[in-house]
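These notes are about the structure you will find just below.
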Amino acid sequence: MGRKRRAWGKIATLPSGNHRASYIGPDGVTHAAANTFTARIDAETWLGNEKRLIDGDEWTPPAQRRAKRRSKTTTFSEYADKWLPQRMIKGQPLKPRTRAHYRKLLDNCLLPTFGKLPLPAITAESVTQWYVGRGSSTPTLTSHAYSLLRTILGSAVQEGLIASNPCHIRGAGNVTRAHKVKPLTLDELTVLVQAMPDKYRLLILLAAWCALRFGELAELRRKDIDVTNLLIKVRRGVVRADGEVVVGTPKSNAGSRDVAIPPHLLPAIQEHLKKHAKPGREGLVFPAAGQRKPEDAEAPPGPDAEVGQQLAPSTLYGKAPKRVKLPDGTVTWKGGTNFYRARAIAGHPALHFHDLRHTGAVLAAQTGATLAELMGRLGHSTPAAALRYQHAAADRDKAIAAALSALANGKA
């Protein structure tokens, strides 16, 4: 590779015979042409044009100019479609369920408004109009969509495709939780467990007492339960995304953990493993319902086609019971199956399965567990979530103290 001295800039002749032009700009950084030139005169012309921009005080880095030209023709839809599969979080690709969630937000919330617009055409005013136009009917969905829009356009800023991020609405990415989580009392938890079918009772117990996520429980296998040392080894989780069942690592980096089993659960674990878990070290502890009999082996797959596979949330939840108001004004529940029925019987008809994890976290906090201990048990990588449970435990302690005073005053 040869070089020829010039009064300003450099032109290098490559082994291929092409020429590469570069120069040191006003910013003190070396800038090169985006491509090489077959003819030296073309490299000279490029350097001459750059020098004129500098002398006329109109210069910006060539890479920025290229990005600006590209942004004028790149639509939000084109950029988002490229951005999504390449998105990394802490050096790792997006989890399948997160990617599917982003895809739905794009298709249903963002692309209808911004999809055909070139990136520079998305202004703060257009973002505000979109946000206000969505109203308050779906605050959580709108919050998630706004956060995604802000993140995607933030990447476009980093790539030099747009000068600044037009998403400036204060608090638009935050939303007040519509579902207020109220931890179960021990009596309510007992009622909930007893109201569940026998094969799902341990699932409820482990979700509450060990604060495990549904995906972690659905992928739990015999080899993951150490009954001798009373440990559950959480190493995998299962999610459903775009109609597919995907087994992967737990939700966060801290999700891979060993969770100590409260000793009082051991008899229930042993009984469940004996009666309901699939055989062998790889056998699922909570397999999908509907085990097929040998004589049905040649029958076409039906509702039981999931045999041996991970339990689906819809199977666990079952069917919702009907709310019936009796003549005396009291309310009862009729019909229903599984978790939908059990939560109504327990007096928590709006209970989510994930709320059991909150119950377990608060129970652990009530024992005096430190923040670090809660984070380890729950598989949290940041202290923010664990702090909520400590606060909830403190609030519960106040209620206990008030009840003690009422007892002392003869009011209990």
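The values are calculated or read from the model by the stated rules, or taken from the named source; none is laboratory data. Keep in mind that what you see is a predicted model, and the values were worked out from it rather than measured. Neighbour counts are summed over all protein chains in view; Cβ atoms, including those assigned to glycine, are modelled from backbone coordinates with ideal geometry. Just so you know, the surface numbers come from the protein's heavy atoms only, side chains and all, with ligands and any DNA or RNA stripped out. Shrake-Rupley method; radii C 1.70, N 1.55, O 1.52, S 1.80 Å.
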What ranking of D198, D242 comes out by heavy-atom accessible area, probe 1.4 Å, highest first?
D242, D198
Would you mind classifying region 224-289 by shape? Square roots of the alpha carbon gyration tensor eigenvalues, ordered a ≥ b ≥ c; an a/c under 1.5 is rounded, otherwise it is prolate if a/b is larger than b/c and oblate if not.
oblate
When the chain is fully extended, how far beyond the present Cα-Cα distance does T249 get from A124, taking 0.36 nm per residue of separation?
41.2 nm
Summarise the accessible area of region 106-146 (1.4 Å probe, protein heavy atoms) by the percent that is carbon and sulfur.
58 percent
Rounded, prolate or oblate, given the Cα gyration tensor of region 57-136, with a/c below 1.5 counting as rounded?
oblate
T330 to Q194: FRET efficiency via 1/(1 + (r/R0)^6), r the Cβ-Cβ distance, R0 22 Å, to the nearest 0.05?
0.60
If you count only protein heavy atoms with a 1.4 Å probe, what accessible area per residue comes out for region 132-245, rounded to a whole Å²?
48 Å²
Taking 0.36 nm per residue of sequence separation and subtracting the Cα-Cα distance, how much length would be gained by fully extending the chain between M88 and R170, in nm to one decimal?
27.0 nm
Counting only protein heavy atoms and rolling a 1.4 Å probe, one gets per residue an accessible area for region 1-76 in Å² of 65 Å²
Taking loop as defined by DSSP and a crowding limit of 16 other beta carbons within 10 Å, which GluC sites (Glu not before Pro) in region 1-88 fit?
E58
Starting from the 7 Å offset along Cα-to-Cβ, what nm value, one decimal, do you get for the label separation of H354 and T60?
4.2 nm
Of the accessible area of region 48-102, with the probe set at 1.4 angstrom, what percent is carbon plus sulfur?
50 percent
Quote the accessible area belonging to K334 in square angstrom, nearest 10, computed with a 1.4 Å probe and with ligands, DNA and RNA left uncounted.
120 Å²
In whole angstrom, how far apart do the alpha carbon centroids of region 1-70 and region 109-148 sit?
40 Å
Accessible-area order (highest first, 1.4 angstrom probe) of the listed residues M196, M88:
M88, M196
Kindly provide the trypsin sites (Lys or Arg not before Pro) of region 179-226 that DSSP labels as loop, not H, G, I, E or B, and whose Cβ sees at most 16 other Cβ atoms within 10 Å.
K180
On the full set of protein chains, 1.4 Å probe, figure out the accessible area of Y131 and give it in Å² to the nearest 10.
70 Å²
